[in-house]
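Step one of this worksheet: look at the structure below.
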Protein chains: 4
Amino acid sequence: MNKITLLMYCKDRSNIIASVTNFIANNGGNIVYIDQHVDREQDIFFMRLESEFENKSFSIEGFKDLFKTTLVDQFKIKWRMYASNRKPKMALFVSKYDHCLYDILGRYNSGELFLEIPFILSNHNDLKPIADSFKIPFYHVPITKDSKREAEQKQLELLINHEIDFIVLARYMQIVSDTLISKYPNKIINIHHSFLPAFVGAKPYHSAYKRGVKIIGATSHYVTAELDAGPIIEQDVARVSHTHSIEDLIAKGRDLEKIVLANAIKLHTNRKVMVYNNKTVIFS
Amino acid sequence: MNKITLLMYCKDRSNIIASVTNFIANNGGNIVYIDQHVDREQDIFFMRLESEFENKSFSIEGFKDLFKTTLVDQFKIKWRMYASNRKPKMALFVSKYDHCLYDILGRYNSGELFLEIPFILSNHNDLKPIADSFKIPFYHVPITKDSKREAEQKQLELLINHEIDFIVLARYMQIVSDTLISKYPNKIINIHHSFLPAFVGAKPYHSAYKRGVKIIGATSHYVTAELDAGPIIEQDVARVSHTHSIEDLIAKGRDLEKIVLANAIKLHTNRKVMVYNNKTVIFS
Amino acid sequence: MNKITLLMYCKDRSNIIASVTNFIANNGGNIVYIDQHVDREQDIFFMRLESEFENKSFSIEGFKDLFKTTLVDQFKIKWRMYASNRKPKMALFVSKYDHCLYDILGRYNSGELFLEIPFILSNHNDLKPIADSFKIPFYHVPITKDSKREAEQKQLELLINHEIDFIVLARYMQIVSDTLISKYPNKIINIHHSFLPAFVGAKPYHSAYKRGVKIIGATSHYVTAELDAGPIIEQDVARVSHTHSIEDLIAKGRDLEKIVLANAIKLHTNRKVMVYNNKTVIFS
Amino acid sequence: MNKITLLMYCKDRSNIIASVTNFIANNGGNIVYIDQHVDREQDIFFMRLESEFENKSFSIEGFKDLFKTTLVDQFKIKWRMYASNRKPKMALFVSKYDHCLYDILGRYNSGELFLEIPFILSNHNDLKPIADSFKIPFYHVPITKDSKREAEQKQLELLINHEIDFIVLARYMQIVSDTLISKYPNKIINIHHSFLPAFVGAKPYHSAYKRGVKIIGATSHYVTAELDAGPIIEQDVARVSHTHSIEDLIAKGRDLEKIVLANAIKLHTNRKVMVYNNKTVIFS
């Protein structure tokens, strides 16, 4: 059975839902999931749809062409269409912190994540043993002031050679280059250890401690050129009190980071996320 | 502009989504909201849909007939269809606790709730001044062992005379009769002051205290013949500790009860709730 | 039975706990509650203590003097001591929003709050009927550009004449003057409708909507000269999604504001809050 | 520097706090932490206290004797006293689920847990590779109907030989024997995958799915003779909806189980938990 997932948005128009559902039915598709959202302020229509095709001669490439000529131009639709059974390929970027890495690999091992991990990349060698114990290739790409451009080139080669679909920065302590960001737009997921937009930048737990907040958070977002300002995918929080030291905040934060990042990865790989206007629409 | 909300479920079938969206488009409707759910275990398809009709001669009664003859029989659909601009009429049943009453009337006054409150009914007279200050008719229908049947008769008359659509038990401390339940199936909303199914029955905060739980909850559900066992609409929880006395739990619980009941009322009046198999599907 | 509550802090010193507990025992006190906290970074010791005195000739003024001469100078203690049975007097400042006002008065009426409300003050007349229905004096003190100083004078007179202990700004939409702040240091409680320090200033729900956050919050804090930067007493959050409009955020936020402000009032009146370094220590 | 932690409870009595703090000060101790709780219903006084002793000749055994003769008999105190620098020894019992095991070992490796893990025991061999990769001895003690008594004997030997202080059942899918429970009273920590007391026993996620709850939970408790009825140490919850299948509940539940169990272990090893009347007092 062929199954596709369609994500699309366009100016809100009369009959857009019926037009798309009709088109799919007329071409042998059975819609098994449909969800939509209208941004009333911007007057934009968003839709996520899954459809099955029993016809054995079905080809997603042919269907994409048909969708394009039949509807895309007419409604000026922005869209992506995926073969539902194809696992996206994720590159894991890490530095020295291991908690998110352990968490992701544990979930990966247990079959909880619908994805492949062709490699783990780090600017340090510390976490190589973990990659080894999970039998995943590990590339050490050190970064110094002078080697930045070279390192970036190395990263790009690895990403292309392994046909990577998206990148996860699992507490990767380097700012990724604009080149990388522009080649993977809304495809680089970062975990920031604060409740954004509070405490942008370095050492957010220290800032949270200093401000005396009663709740701390973690935020997963797509990386854009502006630091910690990309579209938010997922956030979560935990209560703290005056009794918690900075170290306590960091320890509590680790639990948040793990869960928030894992949820963001799942939303992304299940094709539940659309980005518009630097915000996300998250389908259920 | 005429606008309708359709809630429906049926055996999951190929092309059910396209069939319904087609039917609506062919009859001049523009679908502005669609959401669906499939219960894979039971193989049941659920859908909620809103559609606008520009045609001035549109009548919801006529459209209901058309829907029935065109689709309902073919797909064996269970369904309800509402004119979206009609405010449902809610009867409020209370006893002596005033926190949920104050909360609902405050929201009602501020325009947060899409409903009318033709009357408040109580088995005690204590809360009449509150009803008066909000200028809502108040009926005192006392209940004793001997007057039960008579009281029930009085309630039914009031409900029918005021064309009540649904009933909210805002800490009404009486068990409603099977007759009432059967006349208002999935139309009587109760707030139970525990995290069901834990602590069914009377004095749940006392039981929670005794068991030493670290989290308490509140549950809003439709009333069915079996006590506290009806379909759950909404739940919420709050942390507690050994430092909380029973009185503290009760005070904390009041906040939960207010919010959980208000949310359940909003979900119900916005036609977001479907019931199947003693469970709810809550559309977003 | 006389009962006192002592809040104190000083440089952390050996034997400080034993010295205080000894002093109280030696003067006929029975300690019924003790909690302490050490800020390791600043090396400051905080303590909250409740003690009962059976001696009928006990006077809190005399005991204060004794405490001062015996311990305060020796340990350089900053401290406050309260007669536990004296209800603090709270002035309620409001503008046009009624949800926090209704919530506080509902709790006040039900006996949940240990305080007196000598009056409600507003720069508008809209909420007078609510004050009337709860039989609490209402003062209308309008504020225009030209009348600011005069209005402030009027406020101060009312506060002094009614022997007000602390002020609650229940969505009071005016910036309070530095004079007022300096006369009521850490005694003016504000509710800010965001998760501070995110979204300082006006229209935080609009900013939250624009940023696309997945969680919104509310913060109760003591008012200081810097806007929305005072010591945080309490915070809470709620999940939101792309489906929520600004109006939805505002409605959800109202529930947060009510609960967060009520909790802050309770912590303050139960003498559970100490302020140091623009942060709060909240005893349990 | 010698440091002790004292946990004690007794009938609530006048001057109990001053008596204990005095005793410690008189014997050269400097109290660095004190927290207390009174159960007003049962009239029981609980206290947790940490004290440092600079005297180099200090011995905890001698101090225990002194405490016993000076105060224990007089106030009929139930108590435990620990040398704060001694890491408790934890035995980990597992079966086939690996998520809690990975989580605990990850925290252990990162230095987050103040404890030693002399061995991991399982009734299956599946998780041996994980124990190996963390270099912790692994004992396979299979259990069949006929081998139960023998297996229990083997367990007891291991526990005694390794001087185990407490046992953690990290999704150990066997009921532990009454002998084991009586030898380790309030020293066996279990993680139950529901919000107790809802869904006692096997397959709680299936029951939660069937009942249609909107929130699921996990509970960590001390094991007692009655199944899932021991004193609750920690609980946490997560929102679910009709869209979640049983598999989704199980996956979401894994995250809860990990965090709830880790928190319970930390509370236990930091000597923050006292048990009375089948409930816990959790010091902050």
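The values are calculated or read from the model by the stated rules, or taken from the named source; none is laboratory data. Because the structure is predicted, anything quoted here is derived from the model rather than measured. Positions of Cβ are generated from backbone atoms using ideal geometry, with glycine treated the same way; all protein chains shown enter the neighbour counts. We work out accessible area using only protein heavy atoms, side chains counted, and drop any ligands, DNA or RNA first. Shrake-Rupley method; radii C 1.70, N 1.55, O 1.52, S 1.80 Å.
Observations, loosely collected:
- Measuring max minus min along each principal axis, the C-alpha atoms of region D:89-282 give extents of 49, 40, 38 Å (largest first).
- Alpha carbon centroid spacing (whole Å) that separates region C:44-95 from region B:120-168: 51 Å
- Paramagnetic reach from C:Thr243 (point 7 Å along Cα→Cβ, amide N under 14 Å) across region A:226-262: none
- Carbon plus sulfur fraction of accessible area for region D:144-270, probe 1.4 Å, in percent: 51 percent
- Based on the convex hull around the alpha carbon atoms, region B:129-242 presents an average projected area of 8.8 nm².
- Solvent-accessible area buried by D and B, counting both chains, probe 1.4 angstrom, square angstrom: 2800 Å²
- For region D:180-214, residues shielded by at least 50 square angstrom of accessible area compared with the chain on its own, probe 1.4 Å: D:Phe195, D:Pro197, D:Tyr209, D:Arg211, D:Lys214
- Spread of Cα-to-Cα distances over 5 Å intervals beginning at zero, given as percent, for region B:86-194: 2, 11, 24, 27, 21, 10, 3, 1, 0
- Minimum Cβ-to-axis distance in chain A for the rotation onto chain D, with residue, whole Å: A:Ser133, 2
- Radius of gyration over Kirkwood radius for region A:96-146, both on Cα atoms: the Rg/Rh ratio is 1.01.
- For chain A, built as a Gaussian network whose Cα springs stay under 10 Å, the top-fluctuating residue of A:Ile164, A:Ile175, A:Ile189: A:Ile175
- Label spacing, shortest first and in nm, from A:Ile246 to its equivalents in the remaining copies (7 angstrom along Cα→Cβ): 3.9, 4.8, 4.9
- For D:Gly29, residues with placed amide H under 5 Å, excluding near neighbours: none
- Distant alpha-carbon pairs in region D:2-83 (separation over 19 angstrom), percent: 31 percent
- Förster radius 25 Å - calculated FRET efficiency between B:Val200 and C:Ser110 (Cβ-Cβ, nearest 0.05): 0.45
- For A:Ile24, net neighbour charge (Lys/Arg +1, Asp/Glu -1) across residues whose Cβ lies under 11 Å away: -2
- Relative contact order, whole percent, for region C:2-83 stands at 47, derived from Cα pairs under 8 Å and 6 or more residues apart.
- Full-stretch length increase - C:Arg13, C:Asp43 - with 0.36 nm per residue and alpha-carbon distance subtracted: 9.9 nm
- List A:Thr69, C:Thr243, ordered by accessible area with a 1.4 Å probe, largest first: A:Thr69, C:Thr243
- With a Förster radius of 51 Å applied to the beta-carbon distance between A:Asp73 and A:His140, the computed FRET efficiency rounds to 0.60.
- Within the listed set D:Lys89, D:Lys266, D:Lys203, the residue fluctuating most in the Gaussian network model of chain D (springs between alpha-carbon atoms under 10 angstrom) is D:Lys203.
- Bridge type composition, the protein assembly as shown - antiparallel percent by DSSP, nearest 5: 75 percent
- A 1.4 Å probe run over the protein chains yields, for the protein assembly as shown, 42 Å² of accessible area per residue, whole-number rounding.
- Loop-located GluC sites (Glu not before Pro) in region D:187-279 (DSSP state other than H, G, I, E, B) with a sparse environment of at most 14 neighbouring Cβ atoms within 10 Å: D:Glu226.
- What the Kirkwood sum gives for region C:14-157 is a hydrodynamic radius of 19.1 Å, with every pair of different alpha carbons counted.
- Dipole magnitude for region C:2-83: about 160 debye, using +1 per Lys or Arg Cβ and -1 per Asp or Glu Cβ, origin at the Cα centre.
- Reachable lysines, given that their alpha-carbon falls under 16 Å from the alpha-carbon of A:Lys87 and they are not under 8 places away in the same chain: A:Lys3, A:Lys187, A:Lys266, A:Lys272
- Put simply, the protein assembly as shown fits an ellipsoid with semi-axes of 48, 41, 31 Å; these come from the alpha carbon gyration tensor as the roots of five times its eigenvalues, largest first.
- Nearest-first distances (nm) between copies at C:Lys148, label 7 Å from Cα via Cβ: 4.6, 6.8, 8.1
- Among A:Phe46, A:Phe166, A:Phe75, the largest mean-square fluctuation in a Gaussian network model of chain A (Cα springs under 10 Å) belongs to A:Phe75.
- Rounded to 5, the percent of DSSP beta bridges in chain D classed as antiparallel: 75 percent
- Label-point spacing at C:Gly62 relative to the other copies reads 4.3, 9.2, 10.2 nm, in ascending order, each point sitting 7 Å out from Cα along Cα→Cβ.
- Tilt relative to chain D, helix D:148-161 - C-alpha long axis, 0 to 90 degrees, to 10: 40 degrees
- Inter-centroid distance (Cα atoms) of region A:20-41 relative to region A:215-284, Å: 30 Å
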